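First the structure, in the form of structure tokens, and then the observations on it.
What follows draws every value from the coordinates through simple rules; no lab data is involved. Treat the numbers as computed from the prediction; the structure is a model and nothing was measured. Because the Cβ atoms are built from the backbone with ideal geometry, glycine has one as well, and the counts that use them run over all protein chains shown.
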Amino acid sequence: MIKKDLPKNIKPESLMMSYGYQSEWSEGAVKCPIFQTSTFAFKSAEDGKAFFEVAYGLREKKPDENLGLIYSRLNNPDLEILENRLCLWDKSEACAVFESGMSAIATVLLEYLQPGDLLLYSKPLYGGTDHFINHFLTKYGITVIGIHADHTQEEIIEKIESSGLQDKLGVIYMETPANPTNALMDIAMCRKIADQFSNENHRVQIAVDNTYMGPLWSHPLEHGADIVIYSATKYIGGHSDLIAGAVLGSNEIIGRIKGLRTFLGNMTGPWTGWLLMRSLETLKARMEIQMNNAVKVADFLINHDKVEKVFYLGFIPEGTSQYEIYKKQYSSAGAMLSFDVVGGEAEAFKVLNNLKLIQLAVSLGGTESLAEHPYTMTHADVPVDQKQAMGITEKMIRLSVGVENADDIIWDLEQALSKI
């Protein structure tokens, strides 16, 4: 709920402090309390009946009907306020939060795919997502086809048609930028492909994992995506102290996803919801510091004689198709980068083992800088030939730039690289 005297064009970072909550609801508490309860009392049996009718889809909610709370597996004040605030960043109609990024991804794919369907997905993906697609979905009769950022629209259409399953294309799923190479998929191009294989009875859904860039630097719904997915563990949480996921889209889409979430029981809890609301208040400030630090770190790395290549959006050559996508879809180069050291695994490990300020750990988007080795860690399960084809090699290090002083991050990288 927005206070009546606030202008309509007030920015999301300003609304993160109070949107969807009124202090008079909770004894004047400025911050929303943690509603640590499993169930909620009804004022009357009639109210309980009405709430369940809508919750289980027995009827539509009436225009002026105010529905109460039932049970924290279905709804909870912390979750609902959090979901309302997350909608502001992506300008989406609705949101569903989950207990992890993987539970969000799995729920979306399970809701929109069934045995016999075709899933088109971008490569590379986060290792957990890649494993779920290639080792879980395929067990249930779902055909999966991978595409790369350098595939043209015609090449992708050819892949779909040659599968013989063009009438069964259910979802086009992508990470853009890709983890860990920062390769960019053209969402608008994929929308054209999806529309070509859609009809009045079936819409091919485009789902975009926007974890690397969001929700500040990219808004996939504006470019043709139907569904936006986040590992809220990362930038949204921002402090490496919680696990959560989020899915955004239209009321119809999120209604379906929440329906499956209810029965899978994989919603986030009120304590995590409260922590995420706390984190949203500083999201823009944190991400802008990380973005500015990343520019300086990337400039240092690209000029270092022990660094062979830097994978960073700010270094995409002008005049290329990737540059066109970058300028169209993103407002920043972000704070994630990877780099190849001169050498191989031994040299990459020597750098990682000698870091003093930057921590050797997976995950990303937290206040602290983190470095890891994708080839043997986050993407260990991806077949070797596929890793090589995508540029994920033994010499690559992935770096999530934090909020520390940029000069200190650079000092740490300098002294670690000097050990090669």
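Brief remarks follow.
- Furthest towards positive pole of dipole, PHE136, MET189, ALA207, structure part the range 77-280, Cβ charges: PHE136
- Kirkwood Rh in Å, taken over all unlike Cα pairs in the range 294-420: 15.0
- Taking θ as phi - 60° and the Karplus parameters 6.51, -1.76 and 1.60, the scalar couplings of the range 290-296 work out to 4, 4, 5, 5, 4, 4, 5 Hz in sequence order, x denoting glycine and proline.
- Legend: ranking of residues ILE409, ILE206 from fewest to most surrounding C-beta atoms inside 10 Å; resulting order ILE409, ILE206.
- Its DSSP H runs of at least 4 residues, each contributing -39,500 (n - 2.57), put the calculated 222 nm mean residue ellipticity of the chain at -10500 deg cm²/dmol, to the nearest 500.
- Neighbourhood charge, 14 Å Cβ-Cβ cut-off, centred on ARG256 and excluding it, Lys, Arg +1 and Asp, Glu -1: -1
- Between VAL384 and ASP407, the simple spin-label model (points 7 angstrom out along Cα→Cβ) gives 4.5 nm.
- Extending 7 Å from the Cα toward the beta-carbon at both THR282 and GLU27 defines two label points whose distance is 2.7 nm.
- Taking label points 7 Å from Cα along the Cα-to-Cβ direction, GLU345 and HIS131 give a separation of 1.8 nm.
- Restricting attention to the range 77-280, the count of lysine pairs at 8 or more positions apart or across chains with alpha carbons under 21 Å apart stands at 11.
- Treating r as the C-beta distance of MET377 and SER44 and R0 as 51 Å, the FRET efficiency rounds to 0.40.
- Debye, to nearest 20: dipole size of the range 77-280, +1 on Lys, Arg Cβ, -1 on Asp, Glu Cβ: 420
- The alpha carbon convex hull volume per residue for the range 51-183 rounds to 165 Å³.
- Using alpha-carbon coordinates, inclination of helix 187-196 to the longest axis of the chain, degrees: 60
- Taking amide hydrogens as placed 1.01 Å from N in the peptide plane, the amide H of ILE147 sits under 5 Å from those of TYR121, SER122, LYS123, each at least 5 positions away in sequence or on another chain.
- Counting neighbouring beta carbons within 10 Å and listing from fewest to most, the residues HIS148, HIS223 come out as HIS148, HIS223.
- Cut-off 14 Å between beta-carbons: net charge of the residues surrounding SER418, Lys and Arg +1, Asp and Glu -1: 0
- Between ASP195 and GLN114, the C-beta separation translates, for a Förster distance of 30 Å, into a calculated FRET efficiency of about 0.90.
- Column: log10 I(q)/I(0), Debye, Cα scatterers of the chain, q = 0.06, 0.09, 0.11 Å⁻¹: -0.26, -0.58, -0.86
- For the range 350-420, convex hull of alpha carbons as volume per residue, Å³: 85
- Listed by chain and number, the aspartates and glutamates whose alpha-carbon sits under 20 Å from that of LYS62, ignoring those within fewer than 8 places in the same chain, are GLU46, ASP47, GLU53, GLU80, GLU93, GLU252.
- Selected from VAL97, VAL342, VAL208 as most flexible by GNM, with the chain as the system and alpha-carbon contacts under 10 Å: VAL342
- Taking GLU111, GLU24, GLU93 and counting other C-beta atoms within 10 Å, the order from fewest to most: GLU24, GLU93, GLU111
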